[in-house]
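Notes follow once the structure below has been shown.
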There are 2 protein chains.
Amino acid sequence: MSPRLLVVFLLALLPFSSSCRDAQEKDRISRLPGEPNDVSFSHYSGYVTVNESAGRALFYWLTESSQHPESKPLVLWLNGGPGCSSLAYGAAEEIGPFRINPDGKTLYHNPYAWNKLANLLFLESPAGVGFSYSNTTSDLYTAGDQRTAEDAYVFLVKWFERFPQYKHREFYIAGESYAGHYVPQLSQIVHRKNNPAINFKGFIVGNAVIDDYHDFVGLFEYWWTHGLISDLTYHNLRITCEFVSSEHPSPECSKAIEAADKEQGDIDPYSIYTVTCKKEAAALRSRFLRVRHPWMWRAYDPCTERYSGMYFNSPEVQKAMHANTTGLAYPWKTCSDIVGEKWADSPLSMLPIYKELIGAGLRIWVFSGDTDSVVPVTGTRYSIRALKLQPVSKWYPWYDNGQVGGWSQVYKGLTLVTIHGAGHEVPLHRPRRGFLLFQSFLNNKPM
Amino acid sequence: MSPRLLVVFLLALLPFSSSCRDAQEKDRISRLPGEPNDVSFSHYSGYVTVNESAGRALFYWLTESSQHPESKPLVLWLNGGPGCSSLAYGAAEEIGPFRINPDGKTLYHNPYAWNKLANLLFLESPAGVGFSYSNTTSDLYTAGDQRTAEDAYVFLVKWFERFPQYKHREFYIAGESYAGHYVPQLSQIVHRKNNPAINFKGFIVGNAVIDDYHDFVGLFEYWWTHGLISDLTYHNLRITCEFVSSEHPSPECSKAIEAADKEQGDIDPYSIYTVTCKKEAAALRSRFLRVRHPWMWRAYDPCTERYSGMYFNSPEVQKAMHANTTGLAYPWKTCSDIVGEKWADSPLSMLPIYKELIGAGLRIWVFSGDTDSVVPVTGTRYSIRALKLQPVSKWYPWYDNGQVGGWSQVYKGLTLVTIHGAGHEVPLHRPRRGFLLFQSFLNNKPM
């Protein structure tokens, strides 16, 4: 190429690449209020408009890998609810690089942050959740599975334009709970669209809503076999809730679930063997006290959810994160009540999507913290059994530091991993075991 | 009464009371090696011969109440196995006044010792278990439920002669695991003999073998719903083990149980969410390290069982406890392999005895630590359901320090209490909750 041609060629590229770089740089977080001194990775956050006419914009936070981000895969993380924020849970409590101190102002490093292994893209989805918003208020009352998936796909395509260095990079989708719907649904769109920029490899979901019938059967059995509910209520649940939508249960089923709630009492349903966030628990937060109260069974603060409410509502934090630029009429919340309660379409089963994507040869892992009574291991087992996959391995215990970390079974097309002693948010309750799981998933090696 | 007559009367009493006092005093423990300085209760231990011709003698340890022993009830505590020592478990790990330090030589106070509420009589039963022995070696190979109960009754009668101050005192029988057989069986004899010296009021059993059919169904369901075994093994267990004796399973059932054992891996089946006694765990024993390893979920040492082997085999300890006076041919062990493996008669169900004793108006409480996979809460629930008792209360959570301590349901004639987060040895894993349970039982008040 002649020098002259080269200049023309470079000039042709310039507007595009510099505008990308500009957009990226505008999203770069220079410093988060209260962050530790030794932050060794780049991170970015901001909005991507997914629907111009309605004014729907989704908020993301990209935390790049702390070592060699350019050679690490990209993982999109979604939390469920529906209506819950991926910043509140995924980023601040589960797999993100920082945890928030009880002061709600300062951060500390998560020693088992998943961005040691991958570049993590947290998305607050759908519009109305966390900092994500819609200028069309009615959108909040009509959110549902389909629009959530479609908006997330638009987000992805536009985000890759803003971060072209991630185009063609190994890409995975991950999440937990009701993201058990979001993750396969978005995966299906990404797979079907076959956009060459998106090098989609597979997905991983934890304590995931998969199939309403099997989830419910497993849920009620879990409650009874873990001693949480009476014989009578168990009987009533089986009679009134089978073949009912978990998002839109019948009045009779709702009544039985209410009775079950009452019988369970004030436990943490997401982690049934840990203490709840109460005055008593709060008083036990210090490490000193924890030693003297052995039933405080791990360095896990049951009040952690409160701190994200303080942190993400701080104007300084919002400014540093380029969040809430439009002046939202409501505070940032861990979960949106409106979105959660008014949820529209929710298909009864993800199993057809599993079948399609297993058939496409994508990597699919399902994990389950086995002390969660909200989307428990029994429901997950029943749902996967319903797929009638061919086992490749037996059910076997996997080990961490000489202790059973959980169990696993590899099937043709799907790997199931349980994490022993972990609740709904696996990486919160068993950070090291969650990290080992993620490592195995990325390496596509059994536990 | 004239002074002269009084003297005659007192002289008539003297031979009896002084011989009792002598026998008691011979059994008094003046000091246990390694005990703390501030021991505030009297304790006694020694042998009671239960069969002269065979030379069977049972070893007991009475730890009187630390406050007003004369007004407190007497509680006989039995451990199961069959073949396991009540010193090893009940006294040293569960409800006794002392726990043994890792050095195997020194003791420390158990802050939730049950002798704060009652006088505790620990019995090593049957002959062949712990320090209890038989001069007829074949006895060890032919032990079974019936002789265990009969010998224990003979022990009781003779023991009350040695400790006449306990005659007519409120008396309860307690125990756990396979003592789920011993306790009701002995209770039945005591009730039927109607010995006026024994003021028998009722019994309490924990994680108790009750009814082989319901225990097995609950056991297998517990294993599967807690993610410990495969779908296939669960299926095989249900097919091969139903209607089989748990002490004498069929070869097919044994094979399925072996497969389940293998799949469960190296967890502690008696407490499925705690660490096992391994090098890694041993290294974490110190309080300092426990703070830094949050998965070490309570001030509970999984290697505790080892220390009793060291302590009770010390010649000084044996001398202080008047134990092993005949020079046993084998060391003191936590559980006797011979007795455990050669167990003879074992009725399939205790439910008929429950019915008889409920009918007699005795106080009967059944408790269950809900993280035990050996005699789990599901089996206990099925067994009690089979009694078809009339509920007096709903299934409800009970609280300790604002946290759910477990659940309870009061029936006409029986109270069921679960202890949340406790394994097979409830007072070891949840000492405070176990203490509250015992207090409620003695006061006959719901949790």
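Summary table
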read-out	value
Sparsely packed trypsin sites (Lys or Arg not before Pro) within region A:17-77, loop by DSSP, other Cβ within 10 Å at most 10	A:ARG31
Loop GluC sites (Glu not before Pro), region B:195-261 (other Cβ atoms within 10 Å of the site Cβ: 15 or fewer; DSSP)	B:GLU242
Other copies of A:GLY359: label-to-label distances in nm, shortest first, labels 7 Å along the beta-carbon direction	6.4
Sequence-distant residues sharing a close amide H with A:ALA208 (under 5 Å, placed H)	A:SER177
Proximal lysines to B:LYS193, defined as alpha-carbon separation beneath 18 angstrom and excluding residues fewer than eight positions away on the same chain	B:LYS158, B:LYS167, B:LYS201, B:LYS355
Total formal charge among the other residues, if their Cβ is under 10 angstrom from that of B:PHE216, Lys/Arg +1 and Asp/Glu -1	-4
Sparse-neighbour loop sites [trypsin sites (Lys or Arg not before Pro); region A:356-388; at most 10 other C-beta within 10 Å; DSSP]	A:LYS388
Peptides A:397-409, B:156-168, A:201-213 ordered by average Cβ neighbours within 10 Å, highest first	A:201-213, A:397-409, B:156-168
Over 19 Å (Cα to Cα) - which of A:LYS116/A:LYS319; A:LYS412/A:LYS445; A:LYS105/A:LYS319; A:LYS72/A:LYS412; A:LYS72/A:LYS445; B:LYS412/B:LYS445 fall in this group	A:LYS116/A:LYS319; A:LYS72/A:LYS412
Shielding of B:266-278 by partner chains, average beta-carbon count, 10 Å	3
Peptide-level mean, for A:215-228, of C-beta atoms on other protein chains within 10 Å	4
Two-site FRET efficiency, A:ASP22 against A:SER250, from Cβ-Cβ distance with R₀ of 30 Å, rounded to 0.05	0.05
Other copies of B:PRO102: label-to-label distances in nm, shortest first, labels 7 Å along the beta-carbon direction	2.8
At least 10 Å² of accessible area lost relative to the chain alone, listed for region B:230-261 with a 1.4 Å probe	B:SER230, B:ASP231, B:TYR234
Equivalent ellipsoid dimensions for region A:329-411 as semi-axes, Å, which come from the Cα gyration tensor, largest first	30, 21, 12
Sulfur and carbon atoms: percent of accessible area, chain A [1.4 Å]	55 percent
Selected from B:LEU414, B:LEU87, B:LEU389 as most flexible by GNM, with chain B as the system and alpha-carbon contacts under 10 Å	B:LEU389
Accessible area buried between chains B and A, both sides summed, probe 1.4 Å, in Å² to nearest 100	4400 Å²
Only Lys, Arg (+1) and Asp, Glu (-1) charged, at Cβ; region A:337-447 dipole about Cα centre in debye	580 debye
Relative contact order (percent, whole number), chain B, Cα cutoff 8 Å, 6+ residue spacing	18 percent
Qualifying lysines (Cα of each under 17 Å from Cα of B:LYS278; at least 8 residues distant if same chain)	none
Solvent-accessible surface (1.4 angstrom probe) belonging to B:HIS420, in square angstrom, nearest 10	10 Å²
Nm distances between copies for B:LYS167, ranked from closest, using label points 7 Å along Cα→Cβ	9.9
For chain B, Cys with no neighbouring Cys Cβ under 4.7 Å	B:CYS20
Expected 222 nm ellipticity per residue - DSSP helices of 4 or more, -39500 (n - 2.57), all of chain A, to 500	-11000 deg cm²/dmol
Cα-based equivalent ellipsoid, region B:186-227: semi-axes from gyration tensor eigenvalues, Å	35, 10, 4
Using alpha carbons only: equivalent-ellipsoid semi-axes of chain A, gyration tensor based, whole Å	35, 26, 23
Peptide-level mean, for A:399-409, of C-beta atoms on other protein chains within 10 Å	5
Within chain A, percent of DSSP bridges classed antiparallel, to nearest 5	55 percent
Tilt relative to chain A, helix A:145-162 - C-alpha long axis, 0 to 90 degrees, to 10	30 degrees
Heavy-atom accessible area per residue - chain A, 1.4 Å, Å²	39 Å²
Within a Gaussian network of chain A (alpha carbon springs, distance under 10 Å), most fluctuating of A:LYS333, A:LYS342, A:LYS355	A:LYS355
Signed unit charges on C-beta, dipole axis of the protein assembly as shown, positive-most listed residue A:ALA179, A:THR49, B:SER250	A:THR49
Relative compactness, the protein assembly as shown, computed as alpha-carbon Rg over 2.2 N^0.38 Å	1.09
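The values are calculated or read from the model by the stated rules, or taken from the named source; none is laboratory data. Source: prediction; values computed, not measured. Don't worry about glycine lacking a Cβ; one is built from the backbone with ideal geometry, like all the others, and counts go over all protein chains shown. For accessibility, only protein heavy atoms count, side chains too; no ligands or nucleic acids. Shrake-Rupley method; radii C 1.70, N 1.55, O 1.52, S 1.80 Å.
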